[in-house]
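To keep things clear, I will list the structure first and then write my remarks on it.
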Amino acid sequence: MARTPRARSARALANDAAIRDAGVAEVLRVGVDHLSLRDVGHRAGLTHGATYARYEDVDELLVDLWNSTLLARAVALYDLCAALVREPGPERAADLRRWIDRVEPADVACFQVLFTARRLPTVHEEVEPFIDEYLIGRWARPDLDPAVGLRVAVLFTLCLVVLAATHRFGVDDAFETALFEVLVAGLSVPPAAVGPVPPLAPPAPFTPPPSDDLRTQLSVATFGVIGRSGYTRATISRIARRANCSPGAIYKLFASKEDLAVEAMRTVMRARLYSGAGRLEVTREGWLTEILLDAAAPANQVRALFNLEMTIAGAHNERIRAAILDRLTELETVASFLSGLSDSERVALRQRLRAGTFLISATSYLSTLGVAPSETELHAVAEPLRGALVAGLDPAWRAFTEQVGELARARGE
């Protein structure tokens, strides 16, 4: 005979709710990797023993947070994204935008738990069914056409990135308006209406710059360790071993791991803005497909993971966050000084550049969860969005491409 679950007291249920709220708040304050049952219990107003009586360890707390709170938020956000993809228009866009503008702490915690679960086996066991069912099962939901499912998965990840930015920096109405105009216009093109994939440059495996200089070698080693293990687990000892030097040699050049990480971003992962104008030809058919394929390529998985882990670390580290913002907004800054454009064209171009940057980041992060899409699948997502990015701004994009190309030639690159 099946046993009837024992009813829990109102006090026990209230304690559970307090712990979960405190757990979400602590994830936002210190991150998944620094979560402490002691701190969670203290924030919840409970004794240390009471918290440990409920959870064996931090992983079990994260599992409970996922199953009790974060999963429901993730499914609700996914459903809003699916509704916009199915019916791209102002009404569905407004529903999704309201969700983003009313961002809750659980939404930001969801981003962190979802994208760190791969290196936490106990947590990943609970999160993996959602990933398989909704995000990567070719492409997930059985009620969706695969091409539509990929659009939803990309949009879902993009919204998580925007939610995290909104929580950290507040609502940016002008940017959100531009972003949703691009999304509605791009998603209004049915996948079947997208033309064949044009000739594309194959994804180029990312290779850190070779150098005999120890400073550069340490940057490359830091890039690899953070990409594979996360910022917190990237210890000085592991980095020293990868660079074949002593920890003491590192401290002669860098005061802290934080300094190493920022240097790795600047030396290894700096945006190659001037690597040739072709990489910035947004008006070229297939441009965004090419960029997204490169971002999601299995050969570039460590690069995707490095970017993701630094983004997560930046949520709790002001200096890392500033370095990330410098890199992500560099193209926007260039757009501010282009000649031959009106002020309104410059503003619109900056907003479209930011929308494109967020989209590239989201596709890269999605690729860390599982299989990479094919050229045909990704082209059906990317090409309509590229068209929406350039719509009405052809002169501004041409000026951007030409003048950045001139900078490249002036630098001899």
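Helix 301-314 against the longest principal axis of the chain: what's the angle in degrees, Cα atoms only, rounded to the nearest 10?
For 301-314 against the chain, the angle is about 60 degrees.
Give me Phe337, Phe223 ranked fewest to most by other Cβ atoms within 10 Å of their Cβ, as a rough exposure proxy.
Least crowded to most crowded, the residues run Phe337, Phe223.
Let a ≥ b ≥ c be the square roots of the eigenvalues of the Cα gyration tensor of the range 289-383; is it rounded (a/c under 1.5), or, if not, prolate (a/b larger than b/c) or oblate?
Oblate, since a/c reaches 1.5 and b/c is not below a/b.
Taking the Cα centre of the chain as origin, sum charge times position over the Cβ atoms of Lys and Arg (+1) and Asp and Glu (-1), and report the length of that vector in debye to the nearest 20.
For the chain, the charge dipole is close to 1020 debye.
For the Cα atoms of the chain, what angle does the longest principal axis make with the long axis of helix 173-187, in degrees from 0 to 90, nearest 10?
Computed tilt is about 80 degrees.
Mind checking the angle between helix 318-328 and the chain's longest principal axis? C-alpha axes, 0 to 90 degrees, to the nearest 10.
Once rounded, one gets 30 degrees.
Tell me which GluC sites (Glu not before Pro) from the range 1-106 have a DSSP coil assignment and no more than 14 other beta carbons within 10 Å of their own.
Taking the range 1-106 and a limit of 14 other Cβ atoms within 10 Å, the loop GluC sites (Glu not before Pro) found are Glu56.
Please state the equivalent ellipsoid semi-axes for the range 214-258: what are the square roots of 5 times the Cα gyration tensor eigenvalues, largest first, in whole Å?
After scaling each eigenvalue by five and taking roots: 15, 11, 9 Å.
Using a basic spin-label model with each label point 7 Å from the Cα along Cα→Cβ, how many nm lie between Phe169 and Arg11?
Output for this residue pair reads 4.8 nm.
Compute the separation of the alpha-carbon centres of the range 227-263 and the range 172-194 and state it in Å as a whole number.
41
If you find the alpha carbon centre of the range 49-76 and of the range 289-353, how far apart are they in angstrom?
Value for the Cα centre distance between the two parts: 33 Å.
How do Leu35, Leu359 rank when sorted from fewest to most other Cβ atoms within 10 Å of their own Cβ?
Ascending number of Cβ neighbours within 10 Å: Leu35, Leu359.
Based on other C-beta atoms within 10 Å, arrange Val152, Val85, Val184 from fewest to most.
Val184, Val85, Val152
Taking K and R as +1 and D and E as -1, what net charge do the other residues with C-beta under 12 Å from the C-beta of Pro196 add up to?
So the surrounding residues net to -3.
Against the globular-protein guess of 2.2 N^0.38 Å, express the Cα radius of gyration of the chain as a ratio, rounded to two decimals.
1.04
Read the figures in this text as sums done on the coordinates, not as results from a lab. From a predicted model like this one, the values you see are computed outputs, not experimental measurements. Glycine gets a Cβ as well: all are built from the backbone with ideal geometry, and neighbour counts include every protein chain shown.
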